[in-house]
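The values are calculated or read from the model by the stated rules, or taken from the named source; none is laboratory data. This is a predicted model, so every value here is computed, not measured. Backbone-built Cβ (ideal geometry, glycine too); neighbour counts: all protein chains shown. Areas reflect the complete protein model, heavy atoms only, side chains present, ligands, DNA and RNA absent. Shrake-Rupley method; radii C 1.70, N 1.55, O 1.52, S 1.80 Å.
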Amino acid sequence: MERIRRASHAGSWYTDNPKKLAEELDGWITAAGLPKSSDVRGVIAPHAGYSYSGRAAAYAFGNIDPTNISRVFLLGPSHHYYTPKCALSTATVYKTPIGDLPIDLEVIEELKATGKFELMNLRVDEAEHSMEMHLPYLVKVFEGHPVKVVPILVGALGAENEAMYGKLLAKYIDDPQNFFSVSSDFCHWGSRFNYIHYDKKYGAIHKSIEALDKMGMDIIETGDADAFKEYLSEYDNTICGRHPISVFLHMLRNSSTRIKIKFLRYEQSSQCKTTRDSSVSYASAAAKVDA
């Protein structure tokens, strides 16, 4: 029986006009001008409304060579639903205005059988935007190449669980037909986010935010999940996809394929100059086989 997850944020977070959406995505990918590489096995990309982060996200998705990939694992944080675990989708298909992505039910069953995952109902699934914002890009990039998705909602995991899920999912990295789309925005700065860390030595507030984000990005590039954890506990940077990123770092650590993360783009929604301002940062990275 088909269970459809609707494109619940289309028409608000991004256009629901298929022609316009396809043109926007094509435009951003062309503007990024990146060479496609079959060595790119994963991305870290933002999940804000496309008017904010659509352009930045192209620097992640524009790297993908779809030729040999048949399955995409989605790792997205949970914004509304609390769970200390990871949750699997109960849908059979994810819809977008420009095409649909079938869920890989076989892998979902395999993951269910471990007993480590909970299931999220369609209501929770449709309320969450973190994975949905990656879907139109995936449909676009995989045009003409059939691909299935494995959506995993990553809850508020403790360090032990991050490592456990990382180990459990690591084997999927060793199959070059698998791809990983990790969803995260970076610093949410301002009193409305209850976060106003400011190091005056960088000058303007937005420069301090950039330095803080780049410190985190540099640590992610080293692949050291423990150092990332230490950075987060020291600065408490409001990186909303901290748990999906941590799980991904543990996956890379436990897989036999050497993969290196490299950030290719960094943007801020606006430049904060006073404590009345607020901004969200967007960073895009490619995870590439390190020969």
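Some observations on this one:
- Separation in nanometres of the label points that stand 7 Å from Cα toward Cβ, at ARG276 and LYS167: 5.3
- When DSSP beta bridges are restricted to pairs lying wholly in the stretch 63-170, around 35% turn out antiparallel.
- Protection proxy ranking, highest mean first, for peptides 72-85, 108-121, 151-164, 21-34: 151-164, 72-85, 21-34, 108-121, where packing is the per-residue count of other beta-carbon atoms within 10 Å, averaged.
- Dipole of the chain, positive end: most advanced residue of VAL289, THR90, SER78 [Cβ charges, Cα centre]: SER78
- The alpha carbon convex hull volume per residue for the stretch 43-158 rounds to 112 Å³.
- Two-site FRET efficiency, LYS112 against PHE193, from Cβ-Cβ distance with R₀ of 35 Å, rounded to 0.05: 0.50
- Mean separation of Cα contacts under 8 Å (6+ apart) over length of the stretch 4-289, as relative contact order %: 26
- Within the accessible area of the chain (1.4 Å probe), percent carbon and sulfur: 50
- The alpha carbon centroids of the stretch 150-226 and the stretch 243-265 are separated by 11 Å.
- For ILE259, distant residues with modelled amide H under 5 Å away: ASP290
- Taking the convex hull of Cα positions in the chain, its mean projected area over all directions (nm²): 14.5
- Residue-span extension gain [ASP26 to HIS80] - 0.36 nm each, minus C-alpha spacing: 16.3 nm
- Within the shell of other residues whose beta carbon sits under 12 angstrom from the beta carbon of ALA57, the net charge comes to 0, with Lys and Arg scored +1 and Asp and Glu -1.
- Zone of THR92's modelled label, taken as backbone nitrogen in the stretch 6-39 under 19 Å from a point 7 Å along Cα→Cβ: 6-7
- Paramagnetic label zone (point 7 Å from Cα along Cα-to-C-beta, TYR202; backbone N under 12 Å) in the stretch 217-242: 217-218, 237-238
- The chain, helix-only ellipticity at 222 nm - DSSP H runs n ≥ 4, -39,500 (n - 2.57), divided by all residues, nearest 500: -11000 deg cm²/dmol
- Taking each of LYS19/LYS171; LYS85/LYS288; LYS229/LYS262; LYS20/LYS171 in turn, the alpha-carbon distance tops 30 angstrom for LYS19/LYS171; LYS20/LYS171.
- Charge dipole (the stretch 4-289, unit charges on Cβ, about Cα centre) - positive-most of MET215, ALA170, VAL147: MET215
- In this rough spin-label picture, where each label sits 7 Å from Cα along the Cβ direction, the ALA127-ALA211 distance is 4.0 nm.
- Using the 1.4 Å probe convention, the accessible area of the stretch 4-289 works out to 42 Å² per residue with neighbouring protein chains retained.
- Positive end of the dipole of the chain (Cβ unit charges, origin at the Cα centre): among SER255, HIS188, THR275, the Cα lying farthest that way belongs to THR275.
- Dipole magnitude of the chain, debye to nearest 20 (Cβ charges: Lys/Arg +1, Asp/Glu -1, about Cα centre): 340
- Span-rule helices in the chain, defined as complete DSSP H runs reaching 20 Å or more along the axis (Cα) with Kyte mean at least 0.0: 205-222
- Rounded to 5, percent antiparallel among DSSP beta bridges of the chain: 50
- Computed magnitude of the charge dipole of the stretch 165-291 (debye, nearest 20; Cβ of K, R +1, Cβ of D, E -1): 160
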